[in-house]
Amino acid sequence: MCPPAVVPHGPFRADTWVRPYNGVRLRRTWLASQHRLKPTPQQHRRPVTTEDYAQHFTPVEAVDLAYGLIDTLYGPLRSPRLIDPACGEGAFLFRALERGLTSPQSTFGIERDPELACRVFGRANGPRAAAADALTGLAAPLAPGAFDLVVANPPYGTGAAGLRGMGERDARRLMQTYALWALPRPSKARIAMERLRSYPAEVLFLELCVSLARPGGHVAVILPEGIAANARYAAVREWLLAHVQLDAVIGLPKSTFRRTGAAAKTVLLLLTRRPPPKGHRVRLGEVGEWDAPAMYPLRPQSDPRLLDRLDPAYWHPSFDALLDACRLPLVPLGDFITDLTYGPIVTGRGQGTGDGDANRPRAVSHVGARFIAPDHVGAPFMAPETRNAVAIVNQGQVGFCGVDLTEAPCVPPDSPWVSRRSMLRPGDVVLPRSGEGSLGKHRVAVFLADQPAGVGSFVDLIRLQGLNPFYLAAFLKSRLGRSQVSRVANGVGVPNISFDEIRNLLVPQLPTEEQAAIEQRYRRTVLPLHTEAVRRHAALRARGTEPRSDGILRDLRETAEGQWTRAIAEVDAAVVGDP
Ligand SMILES: C[S@@+](CC[C@H](N)C(=O)[O-])C[C@H]1O[C@@H](n2cnc3c(N)ncnc32)[C@H](O)[C@@H]1O
């Protein structure tokens, strides 16, 4: 006979939790501490990998940080009923008991992997755990508001946590139960189901956590930083900011989950399940030292900028301090932009570079100074000296001191990689719009070549009126420029910058003649060295010599960089002095 299930009092009922699992109906949901439950042979057979279930367990430092903040913000809580709906090895649950935060009778966990659940939670006096799928088995309306405290580091990823292979019945149930997956706008039924199946599991768990908390109860949940920073999750942030009292967002170090094989940047969110009171302010901070995170100035929850960015790194006070230190009036770059575009995005077979980037003409091989397209590419590459050949400026062509077309793929003017709007004119600014090694390294240059060229799909063309392009290039490499680009580009996975973010960059209004002086200085001291370096690069390629091993080329580039760096330092001095 089945031993009686240990069920938390309140609206939970064992029979609403028990579900067929991998075709096996679990005989008992709760693994009460006094009853050891062994996995059935069928359960042993299921092929589970760490990746399937996203089993990246939380290190004790992060768990302690969460409980420390819970104590500070909400404590003392009196033996709260606590649950982790994706509890893994029970990092949060066991630590809650060790810290005397609550009692085993009030500590609950759900874990989808029955083998793990059975192995970890069969001990006496431990937390109570259920081997179940928290998303479908615990569909939120069945168990609303039963807990004082919900803690979680849920599985991350699109389609993680069993969503991808989910049957139609379960998927329909989730569609009715959860709201966030359908934001910002619901789609037609068939598309909706696909959307749900490939939806990031952590967002469904976030919603589950909130609904598990009683009104006025608290949630501490670790989420990927992208949820806080990425434009794609703006609807999730809007929902959070409108529906709950957001108490703290703390950035965790990238190394937090290193031991479990993950390098994701994450944030710890603390919230209270109640509408945000008027005037409520959110604590933002980042962990340097685990026991003393650096806390930044409080932000009103009603600040609309939190909709755009909720990642604490964005709110580091040094960014605003540098803007405040600017000695000149600041003007949005958008006021000077007449054209802002990137190159055509070309899809289809044979269009990729082979390095994971499907939107760039494939790298070409060189014979002498000619560019030959590899046979299998099927794209019409041509020799650059051919009349009308258009060079494509990709990230690799944008150097610190200028554009170098030596290795640029060349295509005919009617190629899909060329459009009228993407063709460059001398004086256009080229800015790689993503990537650690290009945008992240503040590679931006003024295009000057007299050869026909267009931007590739990963490079932005910025055409200006009323602002000297050489001044803009120098400014974007100066401290204030770099700091603004880093602020918006970081925290969103691969660094990238959108058109809106480019337009919103603030540029100090340096007098026109001083802007012109920067251009003259570039033309006099940097451009001759850069041009010489480009010539040598082409000659080495023509000879079949590897340019990277050429000392003269390296010296030329370094000297040019030195000259440009000195000019940029003067822009720094004029703009922010030495704060
Ligand atoms: C990232 S781990 C974190 C575990 C634990 N909360 C911690 O902090 O160490 C997520 C856990 O959720 C479990 N899991 C995945 N999908 C689940 C689901 N649908 N229901 C319940 N647990 C699930 C995984 O097996 C894994 O153990």
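The values are calculated or read from the model by the stated rules, or taken from the named source; none is laboratory data. Bear in mind that the values here come from a model prediction, so they are computed numbers and not experimental data. Counting neighbours? That spans all protein chains shown, and the Cβs are built from the backbone with ideal geometry, glycine included.
Looking at L208, L212, L252, L241, which one is crowded, with 24+ Cβ neighbours inside 10 Å, under 22 Å from the mean Cα position of the chain (by Cα) and in contact (Cβ under 8 Å) with a residue 40 or more places away in the chain? Checking each option against the conditions leaves just L252.
For region 290-339, the set of residues classified as assigned to a helix (DSSP H, G or I) and among the aliphatic types (A, V, I, L, M) consists of L306, L307, A313, A321, L322, L323, A325, L333, listed by residue number.
Can you work out which of the residues in region 68-86 that are in contact (Cβ under 8 Å) with a residue 60 or more places away in the chain and of a type outside the set (A, V, I, L, M) is surrounded by the most Cβ atoms within 10 Å (Cβ to Cβ)? Checked region 68-86; the qualifying residue surrounded by the most Cβ atoms within 10 Å (Cβ to Cβ) is D84. Of the residues making up region 96-116, those that are surrounded by fewer than 24 Cβ atoms within 10 Å (Cβ to Cβ) and away from the ligand (no atom under 12 Å from the Cβ) are L97, E98, R99, G100, L101, T102, S103, P104, Q105, S106.
Residue count for region 72-95, restricted to those that are away from the ligand (no atom under 13 Å from the Cβ) and either aromatic (F, W, Y) or part of a strand (DSSP E or B) (or both): 1.
Evaluated against (1) away from the ligand (no atom under 15 Å from the Cβ); (2) over 16 Å from L212 (Cα atoms); (3) at pLDDT 75 or above, A124 falls short on exactly one condition, (3). The set of residues in region 218-232 that are surrounded by fewer than 23 Cβ atoms within 10 Å (Cβ to Cβ) and either more than 16 Å from the ligand (Cβ to nearest atom) or acidic (D, E) (or both) comprises N230, A231, R232.
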